[in-house]
Amino acid sequence: MPSKHDWKHISHTSYSAFKALPLWFWLVFLAFLGVSVAILLPRELMILEIVRRDSPSWSAPGLKFLSTIGEFHYLNLIGTLLLLAWGYLAKSQRIQRIGLSFLLAGILAGMTVQVVKPLVGRPRPSHCVSSHLGPLDFAGPTLNRRFYSYPSGHTATTVAACTVVAIGFPRLIVPCILLSLGMAWSRMFQNAHFPIDTVHGAGLGLIFGYVSMSWTRQRSSAEALEVVAKSSESAVDLPEIVEG
């Protein structure tokens, strides 16, 4: 099973990668937030209507189930346990570390969302309908969960987890994209989030999934020494050539 060193190494490299994100990245991210608001805000109610109206009736149970498994204690915790078990059985430290990154990405995305939600206090679409509120009737800071629409926690943690899996297992990138899109769609279908909530949640998920897998782009000192040692052991001693 993964050691304390594994968790420390992954946490440290994730923190270092997050701090190392350049200024241009944050400017692009802010531009992404602004442009998505400008494009989606005037169309949010129309998009929600399309999602609820055009989703086939047979898909309703599946979308509801998708929202259920999107909870942190289902997707992220169970997914982590499965990856750790797979890595243990396969005797693969890499897969076990992916499992730890899977957990870390979900924790970071989930904690960030839970801090932002009460500060913003955006009403959920379902609460807007029952209370005659609009999408911009913010009530934050608040502890009323009916105003926890922005951003979408389900989408953020799902995209964070899927980003880790897509980086660790590139062949699974298509299922990861489909699951992420399905989660965002299901949250809108359930009248739990507006489109902006899911898009911005996905943006947060991408960031935390990426930094949580930063260890795959660098080696620790111990790993580097181990690689050098193995290379030295496998080296073939060539006979000395004597001139003359």
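What follows is calculated from the coordinates using simple rules that are stated; it is not laboratory data. Small disclaimer: the values here were computed from a predicted structure and weren't measured. Cβ placement follows ideal geometry from the backbone for every residue including glycine, while neighbour counts extend to all protein chains displayed.
Is there any pair linking a residue in the stretch 6-27 that is in contact (Cβ under 8 Å) with a residue 12 or more places away in the chain to one that is loosely packed, with under 13 Cβ neighbours inside 10 Å, with Cβ under 9 Å and at least six apart or on different chains, and which?
Close Cβ pairs (under 9 Å, with a partner that is loosely packed, with under 13 Cβ neighbours inside 10 Å) amount to His9/Ala222; Thr13/Arg217; Thr13/Gln218; Ser16/Gln218; Ala17/Arg217; Ala17/Gln218.
State the number of residues belonging to the stretch 178-196 that are in contact (Cβ under 8 Å) with a residue 12 or more places away in the chain and outside any loop (DSSP other than H, G, I, E, B).
Counting residues in the stretch 178-196 that are in contact (Cβ under 8 Å) with a residue 12 or more places away in the chain and outside any loop (DSSP other than H, G, I, E, B) gives 12.
Which of (1) of a type outside the set (Val, Ile, Thr); (2) within 18 Å of the chain's Cα centre (by Cα); (3) in a loop (DSSP other than H, G, I, E, B) is the odd one out, the single condition Lys117 does not satisfy?
Going through the list (1) of a type outside the set (Val, Ile, Thr); (2) within 18 Å of the chain's Cα centre (by Cα); (3) in a loop (DSSP other than H, G, I, E, B), Lys117 breaks only (3).
Please specify each residue of the stretch 59-82 satisfying the condition of being among the aliphatic types (A, V, I, L, M) and surrounded by 14 or more Cβ atoms within 10 Å (Cβ to Cβ).
Ala60, Leu63, Leu66, Ile69, Leu75, Leu77
Out of Val120, Val129, I need the residue that is in contact with a helix residue (DSSP H, G or I) (Cβ under 9 Å, 6 or more places away or on another chain) and among the β-branched types (Val, Ile, Thr). Which one?
Result of the check over Val120, Val129: Val120.
If the requirement is being over 18 Å from the mean Cα position of the chain (by Cα) and surrounded by 14 or more Cβ atoms within 10 Å (Cβ to Cβ), which of these qualifies: Ala109, Ala85?
Among Ala109, Ala85, only Ala85 is over 18 Å from the mean Cα position of the chain (by Cα) and surrounded by 14 or more Cβ atoms within 10 Å (Cβ to Cβ).
For the stretch 120-163, how many residues are more than 21 Å from Phe72 (Cα to Cα) and in a helix (DSSP H, G or I)?
8
Could you list, ordered by first residue, the pairs with Cβ atoms under 8 Å in which the first is in the stretch 48-74 and within 23 Å of Val129 (Cβ to Cβ) and the second is surrounded by fewer than 16 Cβ atoms within 10 Å (Cβ to Cβ), at least 6 apart or interchain?
Thr68/Tyr74
Could you check the stretch 28-45 and list, in sequence order, the residues that are over 16 Å from Leu206 (Cα atoms), surrounded by 10 or more Cβ atoms within 10 Å (Cβ to Cβ) and not β-branched (Val, Ile, Thr)?
Those that are over 16 Å from Leu206 (Cα atoms), surrounded by 10 or more Cβ atoms within 10 Å (Cβ to Cβ) and not β-branched (Val, Ile, Thr): Gly34, Leu40, Leu41, Arg43, Glu44, Leu45.
Within the group Arg94, Arg124, Arg146, which residue is charged (D, E, K, R), out of contact with any Cys (no Cβ under 6 Å at 6 or more places or on another chain), closer than 24 Å to Leu41 by Cβ and surrounded by fewer than 20 Cβ atoms within 10 Å (Cβ to Cβ)?
Of Arg94, Arg124, Arg146, the one residue that is charged (D, E, K, R), out of contact with any Cys (no Cβ under 6 Å at 6 or more places or on another chain), closer than 24 Å to Leu41 by Cβ and surrounded by fewer than 20 Cβ atoms within 10 Å (Cβ to Cβ) is Arg146.
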